[in-house]
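Engineer: Below you will find the structure I want to go over with you.
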Amino acid sequence: MRFRLAEPSDAPMLAAISIEVWLGTYIRRGVSDAFATYALTQFTPARLAAVIGDPDEHVIVSQNDDGPDAFIRISSGKAAPVAGCSTTEISTLYVQPRHQGRGLGRALLHQGLDHAAGKGAGSVWLTTNAENAPAIAFYQGNGFDRVGTTAFRIADQAYPNAVFSRATAR
């Protein structure tokens, strides 16, 4: 496993990973217009390049011989949807499905926690789809506590998300 900071030139690859993982997480029966529109407007190279260039964002990429296969995004100054959380969010932790199960997500998570701790954050928070049992098990297995729920909205639909928090050092 090789990790490095994301560069603007990574934006197209990170957009592709985002679409792949996000659609695999949220699409259950078919791709609706609302979901397709969301994915294709939110996960663009231009948006990812803007994130990479934002000083309140920190993106760490996992790099294999062919290119990125996973990444974590840590965002500073983000208000949590429930009380009692810090302002440091793990906004994204995406691992391509074919690379899951090898410890890559756990290693990236620890890279992100180390970064947050180095910036003085005593804890981090995140949200995940409330029906995403593998992600929930992953976060709970890595010391996160469920602290509430929120809704993820697309068009006129709301989808329940679980909110998790954990200290950066244990």
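Engineer: So, in region 150-170, how many residues would count as being touching a residue at least 24 places away in the same chain (Cβ under 8 Å) and either in contact with a Cys (Cβ under 6 Å, 6 or more places away or on another chain) or within 17 Å of ALA80 (Cβ to Cβ) (or both)? Working first, answer last.
Structural biologist: As a first pass, look at region 150-170 and keep what is touching a residue at least 24 places away in the same chain (Cβ under 8 Å): 150, 152, 154-155, 157, 159-170.
This time we only want the ones that are either in contact with a Cys (Cβ under 6 Å, 6 or more places away or on another chain) or within 17 Å of ALA80 (Cβ to Cβ) (or both), so: 150, 152, 160-168.
Selection size over region 150-170: 11.
Engineer: Do you know which residues across region 38-76 are of a type in the set (S, T, N, Q) and touching a residue at least 60 places away in the same chain (Cβ under 8 Å)? Before you say what the answer is, go through the steps one by one.
Structural biologist: Filtering region 38-76 for residues of a type in the set (S, T, N, Q) gives 41-42, 44, 62-64, 75-76.
Within region 38-76, SER62, GLN63, ASN64 meet the criteria.
Engineer: It is to be established whether one or more residues within region 25-35 are among the aromatic types (Phe, Trp, Tyr), modelled with pLDDT under 95 and within 17 Å of the chain's Cα centre (by Cα).
Structural biologist: Of the residues in region 25-35, the ones among the aromatic types (Phe, Trp, Tyr) are 26, 35.
If we keep only those that are modelled with pLDDT under 95 too, we end up with 26, 35.
Imposing the further condition that a residue be within 17 Å of the chain's Cα centre (by Cα) reduces the set to 26.
Within region 25-35, one or more residues are among the aromatic types (Phe, Trp, Tyr), modelled with pLDDT under 95 and within 17 Å of the chain's Cα centre (by Cα).
Matching residues to (1) among the hydrophobic types (A, V, I, L, M, F, W, C); (2) under 20 Å from VAL61 (Cα atoms); (3) modelled with pLDDT of 95 or more:
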| residue | (1), (2), (3) |
| --- | --- |
| THR87 | no, no, yes |
| LEU93 | yes, yes, yes |
| VAL124 | yes, yes, yes |
| ASP156 | no, no, no |
| VAL163 | yes, no, yes |
| ALA167 | yes, no, yes |
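Engineer: Go through region 28-78 residue by residue and tally those that are open to solvent by 40 Å² or more (accessible area, probe 1.4 Å), assigned to a loop (DSSP other than H, G, I, E, B) and under 28 Å from ALA155 (Cα atoms).
Structural biologist: Selection size over region 28-78: 9.
Engineer: Spot the failing condition for VAL82; the list is (1) farther than 21 Å from VAL147 by Cα; (2) touching a residue at least 60 places away in the same chain (Cβ under 8 Å); (3) not in a strand (DSSP E or B), and only one is missed.
Structural biologist: So VAL82 meets the others, but not (1).
The values are calculated or read from the model by the stated rules, or taken from the named source; none is laboratory data. Given the structure is predicted, the values throughout are model-derived calculations rather than measurements. Counting neighbours? That spans all protein chains shown, and the Cβs are built from the backbone with ideal geometry, glycine included. What goes into the accessible areas is simple: the full protein's heavy atoms, side chains included, and nothing from ligands, DNA or RNA. Shrake-Rupley method; radii C 1.70, N 1.55, O 1.52, S 1.80 Å.
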